[in-house]
Amino acid sequence: MSSFEELLTQKGALILPGAYDALSARIAVRAGAKAVYMTGFGVVGSAYGVPDIGLIGPEQMTERARALVSAIAPVPLVADGDNGHGGPANVARLVRAYEQAGAACIQLEDQVSPKRCGHMDGKEVISRDDAVAKIHAAAKARSSAAFKIMARTDARATDGLDEALARSEAFLKAGADILFIEAPRSEDELRTIAERFQGVPLVANLVEDGKTPMLPRDVLETMGYKILLYPVTALLAVTDTLERAFAKVLADERVTARATFQHYNDVVGLPEWRRMVTEE
């Protein structure tokens, strides 16, 4: 099994499916994912039933990261750290917590508190200097360079693409390993970003019904994007499935589009647990 650091050096784009709990993370790995992304949007919605507007704190997110790591190890987990839940000291504390939880990478953004999903309207960002200070604190706080810092800027929405590019340059100098410019609006903007940061691991965030065009993998790979995030694809699909399943149950109809009971037990590792407790 390749480490996240090794995956970043391999040829081609790396697809990171978004998972929001241990079950969805396990299923992503069973489907062939080489690494998994813990989506903050999905965690707060699935675990707490609230929107992604900064309502859930760092302790809850760290525990969710720990659960996902435990479910998929040794497959690497990239974990959403939102805006670090405060200033540079809070960022440093979160980096240490995520690293100790076993995550391979933390994503940190430059939004104000409370933050909101990157594809929502009405976002605000902190100053460039304050954002750089957070990335610098994150890089200093990690105990190993193998734990990666994914620096995200939401400045495209607030100050334009040029400011987002300038912030990204500053993030690299502050110690970021991976750049994530959120919500470029066109293929041309995606190409501009890739041309500006050739040789740097870049993230393309592919959100259904979002602000960035959903380009094919080969197109983004040719541009130079290394990480293709699909953060909410599974969450949206499962939401639709739950709505239809519960509607059938309440109408006293049988749900036929489902996994079998046996298959579910296989997914959560029942055979392995049985072998573990029966081995002498």
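The values are calculated or read from the model by the stated rules, or taken from the named source; none is laboratory data. Note that this is a predicted model, so its numbers are computed, not measured. Glycine also receives a Cβ, built like all others from the backbone with ideal geometry; neighbour counts cover every protein chain displayed. Side chains included, ligands, DNA and RNA excluded: accessible areas come from the protein's heavy atoms. Shrake-Rupley method; radii C 1.70, N 1.55, O 1.52, S 1.80 Å.
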Practice problem: Could you tell me whether the stretch 96-108 includes any residue that is part of a strand (DSSP E or B), of a type in the set (A, V, I, L, M, F, W, C) and either touching a Ser or Thr at 6+ places or on another chain (Cβ under 8 Å) or at pLDDT below 95 (or both)? | Solution: no
Practice problem: Out of Ala47, Ala67, Ala31, report the one residue that is under 26 Å from Glu124 (Cβ atoms) and free of Cβ contacts under 8 Å to residues at least 60 places away in the same chain. | Solution: Ala47
Quiz item: Hey, Leu8 hits all of (1) surrounded by fewer than 23 Cβ atoms within 10 Å (Cβ to Cβ); (2) part of a helix (DSSP H, G or I); (3) of a type in the set (A, V, I, L, M); (4) under 15 Å from the mean Cα position of the chain (by Cα) but one; which does it fall short on?
Solution: (4)
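Matching residues to (1) under 19 Å from the mean Cα position of the chain (by Cα); (2) open to solvent by 10 Å² or more (accessible area, probe 1.4 Å):
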site: His85; (1), (2): yes, yes
site: Ala89; (1), (2): no, yes
site: Leu94; (1), (2): yes, no
site: Cys117; (1), (2): yes, yes
site: Glu124; (1), (2): no, yes
site: Ser127; (1), (2): no, yes
site: Ala146; (1), (2): yes, yes
Self-check item: When residues of the stretch 257-280 are limited to those that are within 32 Å of the chain's Cα centre (by Cα) and among the β-branched types (Val, Ile, Thr), the one most open to solvent (accessible area, probe 1.4 Å)
Solution: Thr260
Quiz item: Assuming Ser168 fulfils every condition listed in (1) in a loop (DSSP other than H, G, I, E, B); (2) polar (S, T, N, Q); (3) touching a Ser or Thr at 6+ places or on another chain (Cβ under 7 Å) apart from one, which condition is it?
Solution: (1)
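Out of the residues in the stretch 221-237 that are among the aliphatic types (A, V, I, L, M) and touching a helix residue (DSSP H, G or I) at 6+ places or on another chain (Cβ under 7 Å), which is farthest from Tyr37 (Cα to Cα)? Talk me through it step by step, then tell me what you get.
Residues of the stretch 221-237 among the aliphatic types (A, V, I, L, M): 223, 227-229, 232, 234-237.
Pick out the ones that are also touching a helix residue (DSSP H, G or I) at 6+ places or on another chain (Cβ under 7 Å) and you get 223, 228, 232, 234-235.
Working: Met223: 22, Leu228: 10, Val232: 10, Ala234: 12, Leu235: 12 Å.
The residue in question is Met223.
Can you name the residue in the stretch 66-82 that is of a type in the set (A, V, I, L, M, F, W, C) and crowded, with 24+ Cβ neighbours inside 10 Å and is also farthest from Leu202 (Cα to Cα) among such residues?
Leu68
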Quiz item: In the set Pro213, Pro231, Pro184, which member is closer than 23 Å to Gln111 by Cα, surrounded by fewer than 17 Cβ atoms within 10 Å (Cβ to Cβ) and within 20 Å of the chain's Cα centre (by Cα)?
Solution: Pro213
Quiz item: Checking Glu169 against (1) at pLDDT 95 or above; (2) surrounded by 18 or more Cβ atoms within 10 Å (Cβ to Cβ), which single condition isn't satisfied?
Solution: (2)
Practice problem: Mind listing just one residue for me: the one in the stretch 42-64 that is hydrophobic (A, V, I, L, M, F, W, C), out of contact with any Gly (no Cβ under 8 Å at 6 or more places or on another chain) and not in a loop (DSSP other than H, G, I, E, B) and, of those, farthest from Arg96 (Cα to Cα)? | Solution: Ala47
Self-check item: Failed criterion for Gly32 (all others in (1) farther than 18 Å from Ala204 by Cα; (2) under 13 Å from the mean Cα position of the chain (by Cα) hold)
Solution: (2)
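It is to be established whether one or more residues within the stretch 53-62 are within 19 Å of Cys105 (Cβ to Cβ) and surrounded by fewer than 22 Cβ atoms within 10 Å (Cβ to Cβ). It would help to see each step written out before you state the result.
Residues of the stretch 53-62 that are within 19 Å of Cys105 (Cβ to Cβ), as a first pass: 58, 61-62.
Filter again for surrounded by fewer than 22 Cβ atoms within 10 Å (Cβ to Cβ), leaving 58, 62.
Within the stretch 53-62, one or more residues are within 19 Å of Cys105 (Cβ to Cβ) and surrounded by fewer than 22 Cβ atoms within 10 Å (Cβ to Cβ).
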Exercise. From (1) among the small types (Gly, Ala, Ser); (2) closer than 23 Å to Gly49 by Cβ; (3) under 26 Å from the mean Cα position of the chain (by Cα), pick out the condition that doesn't hold for Ala247.
Key: (3)
